[in-house]
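Notes follow the structure.
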């Protein structure tokens, strides 16, 4: 039997999202910050790791090297009141890095207690409500 051109193939994807992993000098400290920031519990931990379950699941793993440059990937978190949320996160130990506003969104780029960047995002729809 010969195939008729073009041959149609169906890709089978077996990957599914599992977790976001933070490299950390002190996994317990970073996990505690995120537990408070997201109102979650640390559900598993050991001397060199910690886990926050939920969506998305967050894992914190001890690594020997420190953070030296800007993250190539970061998490964006939505907040209906960006400025209130930024103030709360600063109270937990985060640092405000910069603010951006474009035609559809406002966001604040922040760093957690070990310098991992993340953003707090608010859309114009949130501002007008």
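The values are calculated or read from the model by the stated rules, or taken from the named source; none is laboratory data. Treat the numbers as computed from the prediction; the structure is a model and nothing was measured. For neighbour counting, all protein chains shown are included, and Cβ atoms are generated from backbone atoms with ideal geometry for every residue, glycine included.
Structure notes:
- Of all residues making up segment 4-20, the number that are touching a residue at least 24 places away in the same chain (Cβ under 8 Å) and surrounded by fewer than 13 Cβ atoms within 10 Å (Cβ to Cβ): 3
To keep it simple, each residue is scored yes or no on (1) in contact with a helix residue (DSSP H, G or I) (Cβ under 8 Å, 6 or more places away or on another chain); (2) in the same structural domain as residue 114 (by TED's automatic domain parsing); (3) farther than 16 Å from residue 92 by Cβ.
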{"site": "12", "(1), (2), (3)": "no, no, yes"}
{"site": "22", "(1), (2), (3)": "yes, no, no"}
{"site": "25", "(1), (2), (3)": "no, no, yes"}
{"site": "31", "(1), (2), (3)": "no, no, no"}
{"site": "34", "(1), (2), (3)": "no, no, no"}
{"site": "37", "(1), (2), (3)": "yes, no, no"}
{"site": "40", "(1), (2), (3)": "yes, no, no"}
{"site": "52", "(1), (2), (3)": "yes, no, no"}
{"site": "58", "(1), (2), (3)": "yes, no, no"}
